[in-house]
Amino acid sequence: MSLLIASITPVMIFMYLVYRKDKLKEPRALLLKCFFGGFLALVLTLIIVEPIAPIAESIGSPFWKAFYDAFCLAAIPEEFSKLLILYWVIWRNKDFDQYYDGILYAIFVSLGFALVENIMYVLDGGMGVAIARAILAVPGHGFFAVLMGYYFSLAKFHTGGQKNRLLLASLAMPILFHGLYDFALMYSEADELDGLVLLGILIFFTLIVIQLWRLGFKKIKAHLQRDHEIANEIV
């Protein structure tokens, strides 16, 4: 039971923290739909990955195997599946009417996905894995979603000819950070690495995490500010 609680708690905390920033609260039913949509995104990911997973076994280079695993088996199918669910659930919904909404809904989809993933890893790996994932993996999924939701909202409310470019950015940006994040972790486990290379990878990973958090908070602040300015204009 303690492992299950340790799996769920960081997800709930992250969702609560982003939910409380929303000035005009979103319908809880729609948020729950996004959250449980994250479960469906996990199923879609497994369907996408199943036929291409065996390719990884034929890659001899630890560097390129880590790259393939990180991008082709994790970042690309996971973020694509999350965006597909996000688009399906909220793009035409009348309650998607503020810039911050895109970030909030994207986080609920992403953390629905992360919850199931977290439970599986933690029940298998124990409390040490639970603590590590609470510090890194859960916020990672959350901030990947911030990037997705930021550009998703820009695309939604864009009136010019760049809507498709912004939608592409809502997929490309989380893929980039998710892929680099996973690559650093996966390649750091390669047997061939000497101490200096391993140190370089760990420094690279740390920089990725710092930049992800920095960008995440910046994007949240930017959309909250946009909504505030629009509300003042209406008043």
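The values are calculated or read from the model by the stated rules, or taken from the named source; none is laboratory data. As the structure is a computational prediction, the values presented were derived from the model and not from experiment. Positions of Cβ are backbone-derived with ideal geometry, glycine not excepted, and every protein chain shown enters the neighbour counts.
Brief remarks follow.
- Taking each residue of region 207-231 that is more than 18 Å from Ala106 (Cβ to Cβ) and looking for partners that are among the aliphatic types (A, V, I, L, M) and not in a helix (DSSP H, G or I) with beta-carbon atoms closer than 9 Å, six or more apart or interchain, yields Ala231/Leu24.
- Region 130-182: number of residues that are of a type in the set (Lys, Arg) and either buried (at least 23 other Cβ atoms within 10 Å of the Cβ) or within 16 Å of Ile76 (Cβ to Cβ) (or both): 1
- Phe67 under 22 Å from the mean Cα position of the chain (by Cα), part of a helix (DSSP H, G or I) and either modelled with pLDDT of 95 or more or among the aromatic types (Phe, Trp, Tyr) (or both): yes
- Test: Gly161 is out of contact with any strand residue (DSSP E or B) (no Cβ under 8 Å at 6 or more places or on another chain), modelled with pLDDT under 90 and not in a helix (DSSP H, G or I): yes
- Taken over region 164-187, the criterion of being modelled with pLDDT under 95 and touching an Asp or Glu at 6+ places or on another chain (Cβ under 8 Å) is satisfied by Met186 alone.
Yes/no matrix, rows are residues, columns are (1) in contact (Cβ under 8 Å) with a residue 24 or more places away in the chain; (2) in a helix (DSSP H, G or I):
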residue	(1), (2)
Ile8	yes, yes
Ile13	no, yes
Leu17	no, yes
Asp22	yes, no
Glu26	yes, no
Lys33	yes, yes
Phe36	yes, yes
Leu40	yes, yes
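- A single entry from Tyr187, Tyr121, Tyr181, Tyr151 fulfils the requirement of being among the aromatic types (Phe, Trp, Tyr) and within 21 Å of Ile90 (Cβ to Cβ): Tyr151.
- Residue count for region 1-20, restricted to those that are closer than 21 Å to Lys94 by Cα and surrounded by 14 or more Cβ atoms within 10 Å (Cβ to Cβ): 2
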